[in-house]
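Heads up: the structure comes next, in structure tokens.
The values are calculated or read from the model by the stated rules, or taken from the named source; none is laboratory data. The shown structure was predicted, so the numbers you read here are calculated from the model rather than taken from an experiment. Ideal geometry is used to build each Cβ from the backbone, glycine not excepted, and the neighbour counts take in all protein chains shown.
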Amino acid sequence: MSTPIRIEMSQIGEPSVLQPATFQLSPPAPGEVRLRHRMVGVNFVDIYFRCGLYPIAEDPRVLGVEAVGVVEALGDGVTGLSIGQRVAYAGFPLGSYASHRNVAAERLLPVPDSVSDEAAASALLRGMTAHMLLNRVRPVAAGESMLVHAAAGGLGQVLGQWASKLGVRLIGTVGNAEKAEIARRKGYDDVILYREQDFAEAVKTLTDGAGVDYVIDGVGADTLMQSLASAGAFGTVANIGQPSGMLQSLPMEAMARAVQFTRPSVLLHMMDLSHYRISGNAVMEQLANGLTVDIADTIPLEQAAQAHALLQSGQTVGAVLLSV
């Protein structure tokens, strides 16, 4: 094994706090597998940890919640996996920004031969989020309607393809005409250019005043009140991120139509091994059947700071990956 490297975070702060460093990796413990990573996913939750929005208990601090790699060594008691096999994983503990890593065998998901490293790394966490939203947070049914913000982004693309197969009417919001075309290609029936029109009013027009059954809001403070206004009676609004800022207190008058508001966490969802494996295997099946996420950029692991700056700029369409 060549000398492993990882991206360590010296302190809370800007992307420049992410710096490569060599380290020594011990043999896998019983029940663990040593992986040689090939692709590492970059996600907004990584930025939240880097900025201090979410605390990090690990020391040294190494970010990353998903990766695709090859099995290099098996710890005692590991069965069902083999040297050279391609696998993927997502969730806690943090630490996927590394060339090599020991991972609990029970967290590893075999990657189908027909699925590329890039496809698995770009879609696993997003796909598990989509599975949670469509099956656990609010099980959706054919004929229901759903509004998704950032419809051309990584999660938006997964939700569009997955929910459209379930017969859901999909409305997406995007920032420009180019992203609108991507959203339509990924399954959205209607696309709203939120910079040009009030999306809550547009939703009312598109639904004859009824509102949608389900709103998935990954933006946060800038969109929350309009998201609540977009939901119909007894609809659900799920907030799954806040790149525009932390949510403030929720005025009760916003809930006058008996709208349900929730803030689900996919990382908590995945801590339950049963939910983790159900969601993970469902994503692999979707990938094998053609689910795709556009790749905005693939950047060497050592340049993780550049990847964070790119993702945080809001100019990406699709996923940002780190190649090892």
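What the table shows:
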{"read-out": "Any helices (runs of 4 or more DSSP H) falling wholly within segment 166-275 and containing at least 2 residues that are modelled with pLDDT of 95 or more and more than 23 Å from Met128 (Cα to Cα)", "value": "177-185, 199-206"}
{"read-out": "Tally, over segment 276-306, of residues that are crowded, with 16+ Cβ neighbours inside 10 Å, in contact with a Ser or Thr (Cβ under 9 Å, 6 or more places away or on another chain) and outside any strand (DSSP E or B)", "value": "7"}
{"read-out": "Test: residue in segment 142-164 that is farther than 24 Å from Ala177 by Cβ, without any contact (Cβ under 8 Å) to a residue 60 or more places away in the chain and assigned to a helix (DSSP H, G or I)", "value": "no"}
{"read-out": "Test for Leu170: is it assigned by TED's automatic domain parsing to the domain that holds Gly314, crowded, with 20+ Cβ neighbours inside 10 Å and among the aliphatic types (A, V, I, L, M)", "value": "no"}
{"read-out": "Residue satisfying all of: in segment 15-43; of a type in the set (Gly, Ala, Ser) and touching a strand residue (DSSP E or B) at 6+ places or on another chain (Cβ under 8 Å); nearest to Arg101 (Cα to Cα) among these", "value": "Ser26"}
{"read-out": "Residues satisfying the stated conditions in segment 165-179, i.e. in contact (Cβ under 8 Å) with a residue 60 or more places away in the chain and either acidic (Asp, Glu) or in contact with a Leu (Cβ under 8 Å, 6 or more places away or on another chain) (or both)", "value": "Glu178"}
{"read-out": "Looking only at segment 227-236, and only at residues there that are more than 21 Å from Ala142 (Cβ to Cβ) and surrounded by 20 or more Cβ atoms within 10 Å (Cβ to Cβ), the one that is farthest from the chain's Cα centre (by Cα)", "value": "Leu228"}
{"read-out": "In segment 205-218, residue farthest from Ala163 (Cα to Cα) [restricted to those that are among the β-branched types (Val, Ile, Thr) and surrounded by fewer than 22 Cβ atoms within 10 Å (Cβ to Cβ)]", "value": "Thr205"}
{"read-out": "Any hit, segment 307-322, residues being among the aliphatic types (A, V, I, L, M), at pLDDT below 90 and either under 15 Å from the mean Cα position of the chain (by Cα) or in a strand (DSSP E or B) (or both)", "value": "yes"}
{"read-out": "Unique residue being in contact with a His (Cβ under 8 Å, 6 or more places away or on another chain) and closer than 22 Å to Arg184 by Cα when the list is Gly156, Gly143, Gly160", "value": "Gly156"}
{"read-out": "Residues satisfying the stated conditions in segment 124-141, i.e. assigned to a loop (DSSP other than H, G, I, E, B) and touching a Gly at 6+ places or on another chain (Cβ under 6 Å)", "value": "none"}
